[in-house]
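Quick notes on the structure that follows.
What follows draws every value from the coordinates through simple rules; no lab data is involved. Here the structure is a predicted model, which is why all the values come from computation and not from measurement. Neighbour counts run over all protein chains shown; Cβ positions are idealised from the backbone, glycine included.
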Amino acid sequence: MHRTRGKVIGVVVGIAATGLLAACGDNDSTASSTPTLSHSTTATSPTTAATSAGATGQSQAPEPAQTSTDTATPERPQPVPTNVVPPEDTSKLTDKDKKFLDALKAAGITPSSPDIALSIGTYVCQGVAANASDADLMTFVTAMAGSDPSFDPAKMPVEQAGRIYIDTAKATYCQ
């Protein structure tokens, strides 16, 4: 009987331990607090703590150093200016590229970078070669034209810009 009582107590303890451990592990991996970017200016001096502990022979809590009274703002990255236009390297452009860009400019479109306009023109030419309809081309061309940082919807609707890109590419770039 004594042996049975020990087994029962062992089983009860085992079940209780399992229940307690299962209750603690809810698989929640979210942080309960948010770290800050500011850093504390309080510090302990190791020599001060060691000297005071050695003098009395007892372990004492270290005294915090004096805190700085100036409030430093946390470092933040500088914003990238959006009005900076990289210089155009027209030496790598072919005559066909220049003709396409000049035709766009004459139609009222000045892309922020020749690469954007040439990418759109290349897309149109690939679509024309694959017999894509103008409606299919228009969907992507208007999206690409509207995402150009220099595009101003106050000057013309994005659909008009898309139509200009398609017509100009067909006339000057897809040859």
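Taking each residue as 0.36 nm, the span from LYS96 to ASP152 lengthens on full extension beyond its C-alpha to C-alpha distance by 17.6 nm. Other residues whose C-beta falls under 14 angstrom from the C-beta of ALA143 contribute a net charge of -2, scoring Lys and Arg +1 and Asp and Glu -1. Each other residue within a Cβ distance under 14 Å of VAL158 adds +1 if Lys or Arg and -1 if Asp or Glu, for a net charge of -1. Shown in residue order for the stretch 118-128 are the 3J(HN,Hα) couplings computed by the Karplus curve 6.51 cos²θ - 1.76 cosθ + 1.60 at θ = phi - 60°: 5, 5, 5, x, 5, 4, 4, 5, 5, x, 4 Hz (x for Gly and Pro). Remark: the LYS7-VAL128 segment gains 35.3 nm on full extension, using 0.36 nm per residue and subtracting the alpha carbon distance.
Summing charges over all other residues whose Cβ lies under 14 Å from the Cβ of SER119, with Lys and Arg as +1 and Asp and Glu as -1, gives -3.
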